[in-house]
Every structure is written in C-alpha cells, then in structure tokens.
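The values are calculated or read from the model by the stated rules, or taken from the named source; none is laboratory data. Owing to the predicted nature of the structure, the values given are computational and were not obtained by experimental measurement. Virtual Cβ from ideal backbone geometry, glycine too; neighbours counted across all protein chains shown.
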Amino acid sequence: MAYDPSIHHRRSIRLKRFDYTQPGAFFVTIVAHRRLPIFGEIADGVVQLNACGEIARAEWLRTTAIRHEIELDEFVVMPNHFHAIVIITECDGGSVGARRRRAPTIEQFSKPIAGSIPTIIRAYKSAVTTRINQLRGTPGAPLWQRNYWEHVIRNDGELSRIRAYIRNNPVAWETDDEYHHQN
C-alpha cells in the first residue's frame, strides 16, 4: 500500500524544520525488532558479539567508506540495540568523494535526502537487515523496530556525557531499559 497522508498518520520524531544534513553531531539509538538479543550478549560487562553483531558492527564501520560527509564517533552494538554518535562534516569540493553542501533541505516522508541523518540510518538498517537475513536464511524478516531515536548534540559537554554513556553501556547492561525489556 502506498503512503496516503489522508489515512496514514505517522508522527515524525524529527525536529520540525531542522536540517538533518547540516554539520553537527547526532546521537542515535536503533532497537532490534521485539527487542530480541540477536547481536550477542554481555559477559562481565563486555559485549560478546555473535555473527549478527559482527555484521552490525562491520556495516557501521563501512558507512564512512560510502558517505564521505560523515565521521563516526563512539558507538556500541549491544545485544538488542545499537548506540552511535555520527558527525556530519562540512564538505568542500576539493577532496575525493566530497561534495559541496547545498542549501538546507528538510526531509519529508518517503523523500530521502542524500547525506541526511534519516537517510544514513535508513541505509544502515537496510544493509544490516539484508546481510543478517541472508545469513539466517530469513528473507524479508524484520530486524529492527520501526524508526529510531535520535538527539542533536548541542555542545562539547553533552558530547562528552554521551560518549561516556555509550562506552559504559555494556558495564551498565543490567540497569539498561533494553535489558529489562528483553528479560
């Protein structure tokens, strides 16, 4: 069924009129479908990734090879979710693969914009889903919950706090909301 705004009332989690292609840092959380621990487990505060978790990690690392306008910062693949900081950088026309920033653009439902956070996350989720479904022999099976959570990082203090949160997430696993949802 095609999107019909008269009957489909999807509420956006994005900031209204915010340009998600502009340079800046963004904190992203993506949760596995039904919060199932498909990426591995935590043992003694350390993430032990299984084959699916290794795919999720590898696809995230591959993101910068495909998208030259971003840098990856702190990230962690948890048993049933993924946290990351992604930084959109200012590109100039001088480096290989770089592109000049265009006038600000606002993404609309089902109209992806290259280089935007929603498009980057959509592509990541799709690549991970495809590879894991191939591995498991489950074509078309859902891997992620619909959408994702994101936060625009506004200053260096916030960036430091979020980096620490991501680094410490495996150690604090048993107090994490996602841990309680899976058990």
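Couple of notes before you dig in:
- Residue check for Ile13: at pLDDT 95 or above and assigned to a loop (DSSP other than H, G, I, E, B): no
- Failed criterion for Thr64 (all others in (1) at pLDDT 95 or above; (2) touching a Leu at 6+ places or on another chain (Cβ under 7 Å) hold): (1)
- Restricting segment 116-144 to residues that are touching a helix residue (DSSP H, G or I) at 6+ places or on another chain (Cβ under 9 Å) and of a type in the set (A, V, I, L, M), the residue that is nearest to Val77 (Cα to Cα): Val128
- Test: residue in segment 81-97 that is at pLDDT below 50, part of a loop (DSSP other than H, G, I, E, B) and surrounded by 13 or more Cβ atoms within 10 Å (Cβ to Cβ): no
- Members of segment 57-72 that are under 15 Å from Ile121 (Cβ atoms) and assigned to a strand (DSSP E or B): Ile70, Leu72
- Scanning segment 110-159 for residues that are outside any loop (DSSP other than H, G, I, E, B) and basic (Lys, Arg) yields Lys111, Arg122, Lys125, Arg131, Arg136.
- Residue in segment 106-115 that is in contact with a helix residue (DSSP H, G or I) (Cβ under 9 Å, 6 or more places away or on another chain), modelled with pLDDT of 80 or more and closer than 21 Å to Pro142 by Cα present: no
- Filter result for Glu54 (surrounded by fewer than 18 Cβ atoms within 10 Å (Cβ to Cβ), among the acidic types (Asp, Glu) and not in a loop (DSSP other than H, G, I, E, B)): yes
- Output for segment 23-44, where each listed residue is under 13 Å from Pro79 (Cβ atoms) and part of a loop (DSSP other than H, G, I, E, B): Leu36, Pro37, Ile38, Phe39
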